[in-house]
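Novice: To start, I am sharing the structure in question, which I have written as structure tokens.
The values are calculated or read from the model by the stated rules, or taken from the named source; none is laboratory data. What you are looking at is a predicted structure, and each value in this text was computed from that prediction instead of being measured. For neighbour counting, all protein chains shown are included, and Cβ atoms are generated from backbone atoms with ideal geometry for every residue, glycine included. These accessible areas exclude ligands, DNA and RNA; they are computed on the full protein's heavy atoms, side chains included. Shrake-Rupley method; radii C 1.70, N 1.55, O 1.52, S 1.80 Å.
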Amino acid sequence: HQGPLSRTTTMAQNNGTQNRTRKRTLANDLPLMMYGFGDDPNPEVKSIELVENMVVEHLRDILKAGIERAEWQGMSSMEDLCIMMSVRQDRKRYTKLKNLIASNEEIKTVKEDGKKTIEKLNPENDKDKDKDK
């Protein structure tokens, strides 16, 4: 049975071959994070690569479980709830994820409020936009 997200699931399953060619996106941030958790201030490149591969694999597993849950529920796209339900057995992980989602929503709200405040304080920007039209 091919669900609406089966292509994404297949891509996630086949990503092992693409893993070797993907761009290293965490390599710049990981040394500081590793140092913060007690590692050497300048960890070996192989250590950074190992930790990055572990993090990416872990995220891939969580997202894959979320996609499978969304398919099982007949959803056309994966939502935060699907990921949360896939980790609900692990109370610590579930709580962290719940806090991250809440923090993300709070950041979005603050950004929107900040933009509105700036627009109110700078009404001439609206006039410049009208002139451009």
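Novice: When you go through E52, E106, E124 one by one, which is the residue that is at pLDDT 85 or above and open to solvent by 60 Å² or more (accessible area, probe 1.4 Å)? Outline the logic, then answer.
Specialist: Values: E52 fails: open to solvent by 60 Å² or more (accessible area, probe 1.4 Å); E124 fails: at pLDDT 85 or above.
Exactly one residue qualifies, and that residue is E106.
Novice: Taking D39, is it surrounded by 13 or more Cβ atoms within 10 Å (Cβ to Cβ) and over 19 Å from the mean Cα position of the chain (by Cα)?
Specialist: Here the answer is yes, as D39 does meet what is asked.
Novice: Hey, another quick one. I want to confirm something. Restricting to segment 73-86 and keeping residues that are without any contact (Cβ under 8 Å) to a residue 24 or more places away in the chain and open to solvent by 60 Å² or more (accessible area, probe 1.4 Å), which single residue is farthest from K98 (Cα to Cα)?
Specialist: Checking each candidate, the answer is Q73.
Novice: Among what's in segment 55-72 and is of a type in the set (G, A, S) and under 18 Å from K96 (Cβ atoms), pick the residue that is surrounded by the fewest Cβ atoms within 10 Å (Cβ to Cβ).
Specialist: Only one residue fits best here, namely A65.
Novice: Could I ask something else about it? If a residue has to be over 23 Å from L26 (Cα atoms) and part of a helix (DSSP H, G or I) to count, how many in segment 68-83 make the cut?
Specialist: Pass one, segment 68-83, residues over 23 Å from L26 (Cα atoms): 68-79, 81-82.
Subset that is part of a helix (DSSP H, G or I): 68-72, 81-82.
Qualifying residue count for the region: 7.
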